[in-house]
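Notes to accompany the following structure.
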Amino acid sequence: MEKIVDLLSARVARAFEAAGYDPALGQVTVSNRPDLCQYQCNGAMSGAKQYHKAPFLIAQAVVEALAGDEMFSKIEMVKPGFINLDLSGSFLARCMNEMNADPRGGVEVTDRPQSIVVDYGGPNVAKPLHVGHLRSAVIGESIKRTARFMGHRVVGDVHLGDWGLQIGQIITELRERQPELPYFDPDFAGEYPAEAPFTIADLEEIYPCASKKSKEDEAFKAASQQATAELQAGRRGYRALWKHIIDVSVADLKRNYEKLDVSFDLWMGESDAQPYIPAMVEQMKADGYAYLSDGALVVDVAEAGDKVEVPPCLILKSDGAAQYETTDLATIVQRRQDFDPDRIIYLTDKRQELHFTRVFRCAYKTGLVDRDKCSLEHIGFGTMNGKDGKPFKTREGGVLRLEYLLREVTDAVYEKSRANSSGNISDEELRQIAETVALAAIKYGDLSNQPSKDYIFDVDRFSAFEGNTGPYIMYSMVRIKSILKKFSAAFPEVALGTILPPDRKSETDLMLTLSRFNETVCQTYEQKAPNRLCHYIYELTGVFNQFYNECNIMKEADAARQASYVTLLQLVLHVLEIAIDLLGFSAPDRM
Ligand code: ARG
């Protein structure tokens, strides 16, 4: 379905033309004074200069050219030269029926599909997922789903941190604890055990212990660095251990992401990019971009007009070690080869902004990608803080594990639903419902903020059933589901499917809001702003509740009118369902 603003703009442009003016002046926007009109066009104001004419004369002529068009119920010139428009009920009803007939709720598929890689999640193996990784997963998943819904070819890559010092630390700690394992015997030529010598629970204890030692004990630190270097150089036993660490870790990560309803097409990591480094570095040297500075190989990426200093991109340290930058650059080479992407979108904490600025500039400058063919984009998000305004911590002050956060919110929702429920839902089902609603609470609580902003994660507020929260949206959806069920039980013979022109203000508002779904999804995608879609569904549930409170559907005497109301509710539910799926959560059938 074409976007309403586009339809209106095209229509008004024709009227400008018919009146002898430039059609480009016919741009229509949603009214910024909804108390006065639904849509407006300010073209006559800009046309005034161009035509040396009073704007109201231009507007008047356009209004006359529009007169009688059944698309509108109001076409009005307001001095000094605004054109105010209201849509007619018949036009709105036609839009509703068109949306209703479309499984996509009227959202058009792009006519220029792109190939897009979304790099999100970014967990580090052997370290438990903590809340710092939550935002990347939640925002990235929504951006991926929205891009895909728009018709783009999208791959989501978890981009594991699987190549760093943490692996060397774990190897060193394991060697201290179990030196007899074959992985440490340089002469061992047999096959290593298929089974890992540790569980995820072991790893979770080993890693923090090793990391602490590495900070306190110089010898341990040196040994860890040595082990990392040997691993990277290909030492057989270390490679085998590393593989175990990844397998055990990834199995656990998958379980956790599944709970978040986040899934990746690719489970690639930093290690996968390593083979691309040597040739890339040689090329950068050969082309004269990379040069030695204090023993390190660097590429200058500062630009005139930089407000902060942008240091050169570090390609190889003086000991020859590849850096975080190097790996990201090589990953670009790899992705280009695998997907030839038009866009790569990265989601990390905004504190990594300078890193990505340097990587992107270096990639463009050295020709790893062509600026016009592939856009590299970083979405840097703000911090999720606790109620005290400081980064979220456990009561003991440690980093909070994602699992615990999920559990805490699920418990809060469960307690509320149990208190609210009339006792006709089994405890088991209540638990399941709480899981679904808790996920909505967490994701909506996050996504309803502009990504770049910090926000306060308040379990009580996020899990409240009233206000601008996930559970409130769920509650409204459950309400519609239950009305629909009640209705079909009471009136099984009523044929649904046709929506009539609205017969009251609240119904007009509801239709008007529904009709803007298409453009909202497009804007959400273009601006990479899931908060826009959150805002929309909050508004939609608000107008729905208003409408529903005003009209008694069950008692409506006019059968066609009644069927129209119910069909409209089905459409509201359908739109909400599409929207929350794009946001990455789902609604229960009852709560
Ligand atoms: N593993 C990194 C971290 O925990 C995030 C990786 C983000 N993606 C990337 N291509 N650099 O900070």
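The values are calculated or read from the model by the stated rules, or taken from the named source; none is laboratory data. As the structure is a prediction and not an experimental result, all values here were calculated from the model. Here the Cβ positions follow ideal geometry from the backbone for every residue, glycine too, while neighbour counts run over all protein chains shown.
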Output for Cβ contacts, cut-off 6 Å, separation at least six or different chains, first residue farther than 14 Å from Y289 by Cβ in region 341-364, second assigned to a loop (DSSP other than H, G, I, E, B) and within 13 Å of the ligand (Cβ to nearest atom), reads L347/Y120
Reported set for region 133-153 where residues are in contact with a helix residue (DSSP H, G or I) (Cβ under 9 Å, 6 or more places away or on another chain) and within 16 Å of the ligand (Cβ to nearest atom) is H133, L134, R135, A137, V138, I139, E141, I143
Listed by first then second residue, the pairs whose first member lies in region 184-205 and is modelled with pLDDT under 95, whose partner is part of a loop (DSSP other than H, G, I, E, B), with beta carbons under 6 Å and at least 6 positions apart or on separate chains, are L203/A126; E204/P128
Every listed condition ((1) surrounded by fewer than 23 Cβ atoms within 10 Å (Cβ to Cβ); (2) among the hydrophobic types (A, V, I, L, M, F, W, C); (3) within 16 Å of the ligand (Cβ to nearest atom)) holds for V158 save (1)
Given (1) assigned to a helix (DSSP H, G or I); (2) touching a residue at least 12 places away in the same chain (Cβ under 8 Å); (3) not small (G, A, S), V154 misses just (1)
So, first residue within 12 Å of the ligand (Cβ to nearest atom) in region 252-273, second residue of a type in the set (A, V, I, L, M) and in a helix (DSSP H, G or I), Cβ within less than 6 Å, six or more apart or across chains; the pairs are A273/A330
Screening S417, S422, S476 for residues that are modelled with pLDDT under 90, in contact with a helix residue (DSSP H, G or I) (Cβ under 8 Å, 6 or more places away or on another chain) and more than 30 Å from K350 (Cα to Cα) leaves only S417
Report yes if some residue within region 206-214 is within 16 Å of the ligand (Cβ to nearest atom), outside any helix (DSSP H, G or I) and under 33 Å from the mean Cα position of the chain (by Cα); otherwise report no. no
Among strands (runs of 3 or more DSSP E) entirely inside region 38-151, those with 2 or more residues being modelled with pLDDT of 95 or more and more than 27 Å from the chain's Cα centre (by Cα) are 39-41, 72-78, 82-87
- Report yes if N124 is away from the ligand (no atom under 16 Å from the Cβ), touching a residue at least 12 places away in the same chain (Cβ under 8 Å) and surrounded by fewer than 23 Cβ atoms within 10 Å (Cβ to Cβ), otherwise no. no
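For every residue, the table says whether it meets (1) exposed (fewer than 15 other Cβ atoms within 10 Å of the Cβ); (2) hydrophobic (A, V, I, L, M, F, W, C); (3) out of contact with any strand residue (DSSP E or B) (no Cβ under 9 Å at 6 or more places or on another chain); (4) farther than 25 Å from G105 by Cα.
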residue	(1), (2), (3), (4)
R11	no, no, no, no
M45	no, yes, no, yes
A48	no, yes, yes, yes
H52	yes, no, yes, yes
E76	no, no, no, yes
D86	no, no, no, no
Heads up, the helices (runs of 4 or more DSSP H) in region 445-549 (entirely inside) with at least 3 residues that are surrounded by fewer than 19 Cβ atoms within 10 Å (Cβ to Cβ) are 470-490, 517-526
Point to revise | Filter pass, F356 being within 16 Å of the ligand (Cβ to nearest atom), touching a Phe, Trp or Tyr at 6+ places or on another chain (Cβ under 7 Å) and at pLDDT below 90 | key: no
Looking across region 322-353 at residues that are of a type in the set (S, T, Y), within 9 Å of the ligand (Cβ to nearest atom) and crowded, with 17+ Cβ neighbours inside 10 Å, the single one that is farthest from V281 (Cα to Cα) is T348
Flagged in region 278-321 as within 16 Å of the ligand (Cβ to nearest atom) and assigned to a strand (DSSP E or B), in numbering order, are C313, L314, I315
Right, L430: assigned to a helix (DSSP H, G or I), within 16 Å of the ligand (Cβ to nearest atom) and more than 21 Å from the chain's Cα centre (by Cα) or not? no
